[in-house]
1. Which translational diffusion coefficient, to the nearest whole µm²/s, is obtained for region 85-155 from the Stokes-Einstein equation, given a Kirkwood hydrodynamic radius over C-alpha pairs, 10 °C and 1.306 mPa s?
2. Mind checking the dipole of region 7-208: about its Cα centre, +1 per Lys or Arg Cβ, -1 per Asp or Glu Cβ, Debye to the nearest 20?
3. Just to be sure I understand the curve: with the Debye formula and one point per C-alpha of region 70-117, what is log10 I(q)/I(0) at q = 0.17, 0.33 Å⁻¹?
4. What net charge is computed for the residues neighbouring R183, neighbours being all others with C-beta under 14 Å from the C-beta of R183, Lys and Arg scored +1, Asp and Glu -1?
5. May I ask for the distance between the Cα centers of region 1-78 and region 138-203, given as a whole number of Å?
6. Compute the length gained on full extension between E180 and R90: take 0.36 nm times their separation in residues and subtract their Cα-Cα distance, giving the result in nm to one decimal.
7. In whole percent, how big is the carbon plus sulfur part of the accessible area of the chain, probe 1.4 Å, protein atoms only?
8. In region 17-126, if every C-alpha pair distance is counted and binned at 5 Å from zero, what percent goes to each bin?
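The values are calculated or read from the model by the stated rules, or taken from the named source; none is laboratory data. Just so it is clear, the structure is predicted and the values come from calculations on it, not from any experiment. So basically every Cβ, Gly included, is an ideal-geometry build from the backbone, and we count neighbours across all protein chains shown. For the accessible areas, the whole protein counts, side chains as well, though only heavy atoms, and no ligand, DNA or RNA atoms are used. Shrake-Rupley method; radii C 1.70, N 1.55, O 1.52, S 1.80 Å.
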Amino acid sequence: MTSERGVWITLEGGDGSGKTTQANLLEGWLEDAGRTVVRTREPGGSEVGQLIRDIVLHHRGDIAPRAEALLYAADRAHHVATVVRPALERGEVVLQDRYLDSSVAYQGAGRVLDGTEIRELSLWAAEGALPDLTVLLDLDPSEARVRLDADDKPFDRLEAEQIDFHARVRAAYLGLADAEPARFLVLDASASADDLAARIRARVGELLD
Ligand code: TYD
């Protein structure tokens, strides 16, 4: 329906916090409500992004921290310009796994780079675009690790980082949410999937027409 306003929702949280499960549930609910949903993600939400995703997640060996930050920013620039903005202009709902808060939390948590600089880099890349809502699934990293271990998938470069790295990621996320309470919905991800889904629906419902 072209008369509807596009809505942009991002999901954030540590690896193993349940973003995919919640995105699936929300997508179904939105479609039942008659909305067209574009499911996407960073890194890798475009063809160019797929190539970048392969480098940042699977390159064997180190990537210089600034190069890594720029790769995520390049993915973001192309993704926002070619996928997110056009979908919002068509009045669709963009449901996106990770956005610039991931860069601030993860690249900033490496301690080498400054979170404010990373955020500015991302905003430059995306021409200032910010989501209508960011759902932060907050989870203790040791609990997240138990969930990831239960999955059979091999760890990518970031998942393989130590617990203290993930503790810094979590703290950075909570700091970002505190700084922008209107954009963030922070949820305790140890709650049941159904409970989390209901809370997310309540908030998303307010954003829809
Ligand atoms: P994700 O797609 O959630 O991984 P998976 O498909 O295994 O669930 O995220 C990939 C990784 O990329 C994740 O560990 C976080 C990291 N990441 C950053 O470090 N910076 C960023 O800007 C983004 C978007 C992701």
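1. Stokes-Einstein gives a translational diffusion coefficient of 108 µm²/s.
2. Values: 23 positive and 36 negative charges, 55 e Å.
Dipole magnitude for region 7-208 comes out near 260 debye.
3. Taken in order of the listed q values, log10 I(q)/I(0) reads -0.57, -1.20.
4. My count for the surroundings of R183 gives -4.
5. So the two Cα centres are separated by 15 Å.
6. Length difference between fully extended and current span is 29.7 nm.
7. C and S fraction of accessible area: 51 percent.
8. P(r) for region 17-126, in whole percents per bin: 2, 12, 20, 21, 19, 13, 7, 3, 1, 0.
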